[in-house]
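Nothing in this text is a laboratory measurement; each read-out follows from the coordinates by a stated rule. Keep in mind that what you see is a predicted model, and the values were worked out from it rather than measured. In this analysis, Cβ positions are derived from the backbone assuming ideal geometry, glycine residues included, and neighbour counts consider all displayed protein chains.
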């Protein structure tokens, strides 16, 4: 009899198992995959994601094989901003959500999943969790309406049944746990992005660059193995035409969004792997918990990749749910009280506002004149530029940065004019041109 069975041993699952095992609980974590292995992921960690790794004593192992930076360049229709997530905002984030701000670091990194997931799985096993890879869960064991365990097939083909006080579904947006329980989706947002990426050697552009022009975007960020992850994305309604010529349209997107990056990839880049892609980016929420079960990560809240927040949120969920379950397993609170505390933090007003922010960005509508004017106003205001980046990364509350009074003050203090930027020269004509499908 285990205290917890965790289904899924990727970012949210292995982290949850690690933390529960360190708290002295008997944990089984299972995954149908073997490790090390990759999975469809844009594999970016914002500074709070890196801070979780530091809190758990794993950051040095990641940094030994992964480049990291503190500044990021964000370019919207040619308007460039460079900044970082402020340390004090990171400390506030951890104090508000977890009650302490230990381990905060300001760096971010792009960590391949074959690297990161193996580190997490090894750490979970090292903490005392029992790890079974190549294990396929076939059934949830349910008695009197409560989940009490799992039945499945191990790597050796043997059918087994295991029981636990709680079953944690950390098995992604297509969660077996959620489907088996018939859990509904709500706040569904079908409008989303398509995304394609690959890995390139031959150049070093330093810190991450995020570019957007019209309804298309691209990014380049250094990652493991002396390579760069180069990603392009756009509105899902253009995906069918994009897929008609993936290599050609991948390069076409780079050339349109950032001609400089497009030329770098064309002239100096050596593609080291195939081009990967995903169309399954629609956002939704699911119920967080019920009798004998709880969900974490994408299983309970799936969002578009456009802010690259998924792994960081998986770590957040792992720390929140393990703290709540630990209090219950130790007898300090009832399971209902523990789950209410978890839900209160996960489904807060700030969390709802950020979910809406991501879903709105994922529609990939061209920026309005006033939105681009805001980016102009931020230039020369480093403090507010950094706060904008922190807001985009879900460190600072969306409602605080985008409240009308703050936007008024930013525009009033602007040091540059929109006349200095080409996108405003014929804004109406440019906006109309952005609605045309580049791949049609």
Legend entry - Efficiency of FRET from Cβ geometry, residue 240 and residue 353, R₀ 56 Å, rounded to 0.05: 0.95
Legend entry - Descending semi-axes in whole angstrom, ellipsoid equivalent of region 193-278, from the Cα gyration tensor: 20, 13, 11
Inset, instruction - Extending each Cα 7 Å along its Cβ direction at residue 437 and residue 71, get the distance between those two points in nm, one decimal. - result: 4.0
Inset, instruction - Would you compute, for the Cα atoms of the chain, the largest minus smallest coordinate along each principal axis and list the three values in descending order, in whole Å? - result: 68, 46, 40
Inset, instruction - Would you mind computing, in nm to one decimal, how far apart the modelled labels at residue 333 and residue 425 are, each placed 7 Å from Cα along Cα→Cβ? - result: 5.9
Legend entry - For region 17-88 versus region 343-373, the gap between their alpha-carbon centres in whole angstrom: 22
Inset, instruction - Working from Cα positions, state the angle (0 to 90°, nearest 10) between the long axis of helix 246-257 and the longest principal axis of the chain. - result: 50
Legend entry - Zero-based 5 Å bins, Cα pair distances in region 107-173, whole percents: 4, 13, 17, 22, 20, 12, 6, 4, 2, 0
Inset, instruction - With just the Cα atoms of region 399-440, tell me how far they stretch along each of the three principal axes, in Å, largest first. - result: 41, 26, 13
Inset, instruction - Output the Cα-based Rg and Dmax of region 294-405 in Å, rounding Rg to one decimal and Dmax to a whole number. - result: 17.2, 56
Inset, instruction - Return, ordered by residue number, the residues of region 108-135 whose backbone nitrogen is under 16 Å from a label point located 7 Å along Cα→Cβ of residue 80. - result: none
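For region 78-127, report the translational diffusion coefficient in µm²/s to the nearest whole number, using Stokes-Einstein at 10 °C, 1.306 mPa s, and a Kirkwood Rh over Cα pairs.
In µm²/s, the coefficient is 116.
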Legend entry - Overall Cα dimensions of region 15-132, principal axis frame, Å, largest first: 51, 33, 23
Legend entry - Angle in degrees between helix 87-98 and the longest Cα principal axis of the chain, rounded to the nearest 10: 30
Legend entry - Between helix 369-378 and the chain: long-axis angle, C-alpha atoms, 0 to 90°, nearest 10: 80
Inset, instruction - Run through the DSSP bridge list for the chain and note the antiparallel percent, rounded to the nearest 5. - result: 70
Legend entry - Max mean-square fluctuation residue, GNM over the chain, Cα-Cα springs under 10 Å, options 338, 124, 318: 338
Inset, instruction - Compute the relative contact order of region 80-226 as a whole-number percentage, counting only Cα pairs closer than 8 Å that sit 6 or more residues apart in sequence. - result: 14
Legend entry - Between region 251-320 and region 150-169, the Cα center-to-center distance that results, in Å: 29
Legend entry - Cβ-derived FRET efficiency at R0 56 Å, residue 130 paired with residue 417, nearest 0.05: 0.35
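Working out 0.36 nm times the residue gap between residue 139 and residue 185, then minus their Cα-Cα distance, what length gain in nm do you get to one decimal?
Here the answer is 14.5 nm.
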Inset, instruction - With 10 Å bins from zero, work out the P(r) of region 71-193 over every alpha carbon pair and list the percent per bin. - result: 9, 21, 29, 26, 11, 3, 0
Inset, instruction - Please work out the Cα convex hull volume for region 161-309 and give it in Å³ per residue. - result: 150
